[in-house]
1. Considering region 168-181 alone, what residues qualify as being part of a helix (DSSP H, G or I) and either of a type in the set (Val, Ile, Thr) or surrounded by 16 or more Cβ atoms within 10 Å (Cβ to Cβ) (or both)?
2. Residue pairs, Cβ under 8 Å, 6 or more apart or interchain, first in region 199-224 and in a loop (DSSP other than H, G, I, E, B), second modelled with pLDDT of 95 or more. List them.
3. In region 33-65, which residue that is open to solvent by 50 Å² or more (accessible area, probe 1.4 Å) and part of a loop (DSSP other than H, G, I, E, B) is modelled with the lowest pLDDT?
4. Could you please give the count of residues in region 153-212 that are more than 18 Å from the chain's Cα centre (by Cα) and of a type in the set (Ser, Thr, Tyr)?
5. How about region 66-95: which of its residues are aliphatic (A, V, I, L, M), surrounded by 15 or more Cβ atoms within 10 Å (Cβ to Cβ) and part of a helix (DSSP H, G or I)?
6. State which residue is surrounded by the most Cβ atoms within 10 Å (Cβ to Cβ) when the search covers only region 14-32 and only residues that are over 18 Å from Ser78 (Cβ atoms) and touching a residue at least 12 places away in the same chain (Cβ under 8 Å).
7. Identify, from the list Ala150, Ala145, Ala184, the residue that is under 27 Å from Gln74 (Cα atoms), surrounded by fewer than 16 Cβ atoms within 10 Å (Cβ to Cβ) and either among the polar types (S, T, N, Q) or free of Cβ contacts under 8 Å to residues at least 40 places away in the same chain (or both).
8. Within region 128-140, can you find the residues that are more than 12 Å from the chain's Cα centre (by Cα) and either farther than 17 Å from Leu108 by Cα or β-branched (Val, Ile, Thr) (or both)?
Amino acid sequence: MVLDRPDKRNAQLPEMWQALAAFGDSLPTSVRVVVISGNGPSFSAGLDRSMFDRLGSDVEAGDDSFLDTIASYQAGFSWLRRPEFISVAAVQGHAIGAGFQLALACDLRIAATDAQFRMAEPSLGLVPDLGGTQVLVDLVGYSRALEICATNRTVGAVEAERIGLVNLSVAPDELSGAADDLVAALTSTVHDAVTMTKALLLGARDRPYQQQLLAERQAQLTRLRALAAGGTAS
């Protein structure tokens, strides 16, 4: 899927989030990998500034209505974590605010060496509210996540790879090819085994160790039964 507002550096509006959520809802079960990229020199420069007026009117509609509205925005990001496929962000240029959070929503991230990640919301008097906070802490740890968010500084691709924010950094003209290579690798394995492994990894944070061991045993039983029945490499 390609963000396609290059004249606005792919700045995001609710309509884009609704389109993302609808895209996720419409995915056929055969899809194994989803790649999110941006048209033009930037992945996404974040929130379109016209959103500030809209947020003000959303607040005036009442607390419950506002919270429901934000939940609908978050749905454009959270579907990328579903276990039935692997999501990949191919990031070039700016990935700021909502753009940073969209990259974080994906399971894996490849960055061109010109990529610039920045969590701009606190500098605007806001908080990151599109699902990026938990993932950022998981990737780089609490202290570094807080420092990145609280200082409004830019994290370049080299640092992003060093601290585990991205899986790989490549030259800008190699980004598309690197994404293709990753997709090929991801689709070379057994789909059902990968989706169950992703589900195990996603749930590991919230389970005590013994419950995680139980979840692994149950998942393995399911896989062995499938293999015995001849359901191997879909």
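1. Initial filter on region 168-181 (part of a helix (DSSP H, G or I)): 172-181.
Selection gives Leu175, Ser176, Ala178, Ala179.
2. From residues that are in a loop (DSSP other than H, G, I, E, B), the pairs are Arg205/Asp138; Arg207/Ala215.
3. Ala61
4. 5
5. First, pick out the residues of region 66-95 that are aliphatic (A, V, I, L, M): 67, 70-71, 75, 80, 86, 88-91, 95.
Add one more test, that the residue is surrounded by 15 or more Cβ atoms within 10 Å (Cβ to Cβ), and what stays is 75, 80, 86, 88-91, 95.
Hits for region 66-95 are Ala75, Leu80.
6. Let us first name the residues in region 14-32 that are over 18 Å from Ser78 (Cβ atoms), namely 28-30, 32.
Then keep just the ones that are touching a residue at least 12 places away in the same chain (Cβ under 8 Å); that gives 29, 32.
Numbers: Thr29: 8, Arg32: 16.
Filtering first and then ranking leaves Arg32.
7. Details: Ala145 fails: surrounded by fewer than 16 Cβ atoms within 10 Å (Cβ to Cβ); Ala184 fails: under 27 Å from Gln74 (Cα atoms).
Residue meeting the stated conditions: Ala150.
8. Within region 128-140, Pro128, Asp129, Val137, Val140 meet the criteria.
The values are calculated or read from the model by the stated rules, or taken from the named source; none is laboratory data. Since we're looking at a predicted model, the values are computed, not measured. Virtual Cβ from ideal backbone geometry, glycine too; neighbours counted across all protein chains shown. Quick note on the areas: whole protein, heavy atoms, side chains included, nothing else; ligands and nucleic acids left out. Shrake-Rupley method; radii C 1.70, N 1.55, O 1.52, S 1.80 Å.
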